[in-house]
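The values are calculated or read from the model by the stated rules, or taken from the named source; none is laboratory data. Since the model is a prediction, treat every value here as computed from it, not as a measurement. Cβ atoms come from the backbone with ideal geometry, glycine included; neighbour counts cover every protein chain shown. SASA here: full protein model, heavy atoms, side chains in, ligands and nucleic acids out. Shrake-Rupley method; radii C 1.70, N 1.55, O 1.52, S 1.80 Å.
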Amino acid sequence: MGSMTTPVPTIRRSCVFIGLALLWSVVAVAVLLGHHIAEPIGVLSLTTNGHTYFGNPPSLTLFQRDPISFINVVIVLVVGLVASMIDLVVRIVRHSQRPGTVAVIAGVAVVLFSLFGLLWGLASIGLVGVLLVFSGLPTRRKNVI
């Protein structure tokens, strides 16, 4: 009869992927808060958050330009990360060798959400989703006789 414990390499690998996803999420949110998006040439006025800038409008961050979109991005990242972490904890507590279905679904949802940002969204937030999917995949153990 096989062992009833979750293989340690599976736990370590999943933790590494979730840790990388968390780190990349922090970097993505920091960039969204700090990177100023330049206005296209020829734009002489810009209205955002009830304030109109005339002449040469300033470069604004995504949070300054569209706080609702920023909050949506943060919510999707937090929900995806929390769901994947809970899934990993449940798999560890139950000594389960099954794939992390919740983590995979959360990762796919984050990737699908990132498609709204086209190439930039896929490269930033989509990477978090891919890492969450990897954290939910099981490793296959070879039987050694």
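Every test in (1) open to solvent by 70 Å² or more (accessible area, probe 1.4 Å); (2) in contact (Cβ under 8 Å) with a residue 24 or more places away in the chain; (3) touching a Phe, Trp or Tyr at 6+ places or on another chain (Cβ under 9 Å) is passed by I71 save one, and that test is (2). With respect to (1) outside any helix (DSSP H, G or I); (2) surrounded by 17 or more Cβ atoms within 10 Å (Cβ to Cβ), the lone exception for R91 is condition (1).
Scanning segment 83-102 for residues that are in contact with a Lys or Arg (Cβ under 9 Å, 6 or more places away or on another chain) and either closer than 21 Å to I125 by Cβ or polar (S, T, N, Q) (or both) yields a count of 2.
A quick yes/no check of all residues on (1) open to solvent by less than 30 Å² (accessible area, probe 1.4 Å); (2) in contact with a Leu (Cβ under 6 Å, 6 or more places away or on another chain); (3) at pLDDT below 90; (4) more than 14 Å from V16 (Cβ to Cβ):
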{"site": "V104", "(1), (2), (3), (4)": "no, no, no, yes"}
{"site": "L112", "(1), (2), (3), (4)": "no, no, no, yes"}
{"site": "L119", "(1), (2), (3), (4)": "no, no, yes, yes"}
{"site": "G129", "(1), (2), (3), (4)": "yes, no, no, yes"}
{"site": "L132", "(1), (2), (3), (4)": "yes, no, no, no"}
{"site": "S135", "(1), (2), (3), (4)": "yes, no, no, no"}
{"site": "P138", "(1), (2), (3), (4)": "no, no, yes, yes"}
{"site": "R141", "(1), (2), (3), (4)": "no, no, yes, yes"}
{"site": "V144", "(1), (2), (3), (4)": "no, no, yes, yes"}
